[in-house]
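S.K.: Following this message is one structure expressed as structure tokens.
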Amino acid sequence: MNRVLSILAAALYLCTAVDVGASPVPNHPQPPVKSTVPSIASKSAQKSQVSKTEPKPYQVGTASWYGKQFHGRTTASGEDFDMFEFTAAHKTLPLGTFVKVTNLKNRKWIIVRINDRGPYVGSRIMDLSYSAARMLNFRDGVERIRIDLIQPERVAKNQGNNAE
């Protein structure tokens, strides 16, 4: 059941994260284009606007993964650890929190649910389940990641939209 909920939450977030617009109406007049070659000043203005709109990451650091040796053991949330679910361990985030984890090496990202405490090795900020690490292409066992919080209101709103 938890696996289904994790996958459903990730799918709902992905559906809303993708900016899908309506297709253009045939024979609909298009507004005139101001300029085909943007000036240097407008390029710098666009860069500053992009950096202002991109949310600040919750945390950036190194992460590792855990799997077979912990499979079936009880996690801090009370559920059994399933190495094939998209879950993670974090030292301070509330259990049940959904976060977007981005591998900074290849820019792949995934949404995971915090269901355990850890990591307890070195200065790592997160331990991912085997499946989550595999989706992010963890090659060396430890990778540099970025963590972004997923707001609960957004998840709840998306679940409400799909129910209709």
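S.K.: From (1) loosely packed, with under 10 Cβ neighbours inside 10 Å; (2) modelled with pLDDT of 90 or more, pick out the condition that doesn't hold for residue 23.
M.R.: The one condition residue 23 does not meet is (2).
S.K.: Of the conditions (1) at pLDDT below 95; (2) on the phi > 0 side of the Ramachandran plot; (3) of a type outside the set (A, V, I, L, M, F, W, C), residue 162 fails just one. Which one is it?
M.R.: Every condition holds for residue 162 apart from (2).
S.K.: Of everything in the range 71-105, what is touching a residue at least 60 places away in the same chain (Cβ under 8 Å) and either within 22 Å of residue 139 (Cβ to Cβ) or under 16 Å from the mean Cα position of the chain (by Cα) (or both)? Give them in sequence order. Talk me through it step by step, then tell me what you get.
M.R.: Kept after step one, since they are touching a residue at least 60 places away in the same chain (Cβ under 8 Å), are these residues of the range 71-105: 79, 82, 84-87, 98, 100.
The answer is 84, 85, 86, 87, 98, 100.
S.K.: Also: Name the single residue, out of those in the range 100-155 being of a type in the set (Ser, Thr, Tyr) and within 13 Å of residue 60 (Cα to Cα), that is surrounded by the most Cβ atoms within 10 Å (Cβ to Cβ). Walk me through it before giving the result.
M.R.: Here is the first cut: in the range 100-155, the residues of a type in the set (Ser, Thr, Tyr) are 102, 120, 123, 129-131.
Cutting the leftovers down to within 13 Å of residue 60 (Cα to Cα) gives us 102, 123.
Details: 102: 18, 123: 7.
Ranking the candidates gives 102 first.
The values are calculated or read from the model by the stated rules, or taken from the named source; none is laboratory data. Please read all numbers here as calculations on a predicted model, not as lab measurements. Every residue, glycine as well, gets a Cβ built from its backbone with ideal geometry; the counts of neighbours run over all protein chains shown.
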